[in-house]
1. Starting from residues that are in contact (Cβ under 8 Å) with a residue 24 or more places away in the chain and either within 19 Å of residue 59 (Cα to Cα) or surrounded by 16 or more Cβ atoms within 10 Å (Cβ to Cβ) (or both), keep the ones in segment 33-46 and report whichever is farthest from the chain's Cα centre (by Cα).
2. For the list (1) under 18 Å from residue 63 (Cα atoms); (2) in contact (Cβ under 8 Å) with a residue 60 or more places away in the chain; (3) not in a strand (DSSP E or B), I need the number of the one condition that residue 173 fails.
3. Are any of the residues in segment 30-44 within 30 Å of residue 100 (Cβ to Cβ) and in contact with a strand residue (DSSP E or B) (Cβ under 7 Å, 6 or more places away or on another chain)?
4. Within segment 266-281, can you find the residues that are assigned to a helix (DSSP H, G or I) and under 19 Å from the mean Cα position of the chain (by Cα)?
5. Return the pair list, or none, for Cβ contacts closer than 8 Å from residues in segment 207-225 that are within 18 Å of residue 296 (Cβ to Cβ) to residues that are at pLDDT below 95 and assigned to a loop (DSSP other than H, G, I, E, B), at least 6 apart or on different chains.
6. Looking at (1) modelled with pLDDT under 95; (2) touching a helix residue (DSSP H, G or I) at 6+ places or on another chain (Cβ under 7 Å); (3) within 30 Å of residue 263 (Cβ to Cβ), which is the only condition residue 159 fails?
7. How many residues does segment 211-247 contain that are in a loop (DSSP other than H, G, I, E, B), out of contact with any strand residue (DSSP E or B) (no Cβ under 8 Å at 6 or more places or on another chain) and farther than 18 Å from residue 310 by Cβ?
């Protein structure tokens, strides 16, 4: 079989189904990743969302024993919001990260990979392959880099010459010996703007990341958010784009696709209506977004934090309704904190009364912390 010709045909077909870039590499182990992953886990930089052992993450053949090659794909996504609704006083809005705009990218990429697989099986019926998108054990970024789709920048993202960092990545393990593409030899040079502008200092300088410090990770946690990070998330409901927004190599890039339909009022929603949204309403409105995968509770918590960061006093009545009607201790505790942030020392009496009636320990702990903070501020005045 002429694998060079088959490769060219696959590339042409890939472009016809909405794959913006495609590269090929061998299925040999990514041994250069081993020391990086060992350090990553040893220092506690992992998010807990990663899957697979280190051996599984670096050795493709532990996923598909017959694998000889890996086909890496990149699909660009939009980062500009046309006709974006404005966040105004008494009508404050939150924001979902750009990777969560439109249809869930897992669905979008799997659809393209399934079509690519069907095409290859039509050409080579006996072929064996396995598709991975984000939740697979392999490092999408390591595969993409070795397959020539870009180089890893200081922000940890693969920087593609045409798509920048605004890309969804996926791969297909396959038992065909395709000729490999060459990696792109490039770097960020002396530029450190992403590291300098990271709100929490999560970026480590050479593409590494302390995931637990990353705002994207913090917005996805299900429990109480540490006060330090509450002050940092601004109005973010899910994810963080700062290190991509400031990257000079992303300037002028905005890739669009017909099946990535961006809904401005959904990805930049009003905050107050989120506070008491039912499960059904949440699923109907946000269920198709990748940012909904953790459910509504983290989004509602982040919405209250955003209202607090805006100092939006119009939210006080709704926050008090949350306290009186919601049965989830984490949500109630966050609502108390938001009220105290908005009203300052004038909320001391309200917090003191709450301490007399609340019974959940997570709420009591938060109330005590709030009261101590408010009293310090009161005495400082």
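1. Taking segment 33-46 and keeping what is in contact (Cβ under 8 Å) with a residue 24 or more places away in the chain, we get 33-34, 36, 40, 43-46.
Among the residues that remain, those that are also either within 19 Å of residue 59 (Cα to Cα) or surrounded by 16 or more Cβ atoms within 10 Å (Cβ to Cβ) (or both) are: 33-34, 36, 40, 45-46.
On the way: 33: 22, 34: 24, 36: 21, 40: 19, 45: 16, 46: 14 Å.
Across segment 33-46, the extreme among qualifying residues is 34.
2. With (1) under 18 Å from residue 63 (Cα atoms); (2) in contact (Cβ under 8 Å) with a residue 60 or more places away in the chain; (3) not in a strand (DSSP E or B) applied to residue 173, the lone miss is (3).
3. So the first thing to find is which residues in segment 30-44 are within 30 Å of residue 100 (Cβ to Cβ), and the list is 30, 33, 36-37, 39-41, 43-44.
Among the residues that remain, those that are also in contact with a strand residue (DSSP E or B) (Cβ under 7 Å, 6 or more places away or on another chain) are: none.
No: segment 30-44 contains no residue that is within 30 Å of residue 100 (Cβ to Cβ) and in contact with a strand residue (DSSP E or B) (Cβ under 7 Å, 6 or more places away or on another chain).
4. Passing the criteria: 266, 267.
5. Close Cβ pairs satisfying both conditions: 220/49; 220/294; 222/294; 222/295.
6. That leaves (1) as the condition not met.
7. At the first step, the residues of segment 211-247 found to be in a loop (DSSP other than H, G, I, E, B) are 214, 221-226, 231-235, 239-241, 246-247.
Then drop every residue that is not out of contact with any strand residue (DSSP E or B) (no Cβ under 8 Å at 6 or more places or on another chain), which leaves 214, 221-226, 231-234, 240-241, 246.
Next cut, farther than 18 Å from residue 310 by Cβ only: 214, 221-224, 226, 241, 246.
So the count comes out to 8.
For (1) closer than 18 Å to residue 183 by Cα; (2) modelled with pLDDT under 95; (3) under 21 Å from the mean Cα position of the chain (by Cα); (4) surrounded by fewer than 16 Cβ atoms within 10 Å (Cβ to Cβ), each residue gets a yes or a no:
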{"residue": "66", "(1), (2), (3), (4)": "no, no, no, yes"}
{"residue": "73", "(1), (2), (3), (4)": "yes, no, yes, no"}
{"residue": "79", "(1), (2), (3), (4)": "no, no, yes, no"}
{"residue": "92", "(1), (2), (3), (4)": "no, no, no, no"}
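The values are calculated or read from the model by the stated rules, or taken from the named source; none is laboratory data. Here the structure is a predicted model, which is why all the values come from computation and not from measurement. Reconstructed Cβ throughout: ideal geometry from the backbone, glycine too, with neighbour counts over all protein chains shown.
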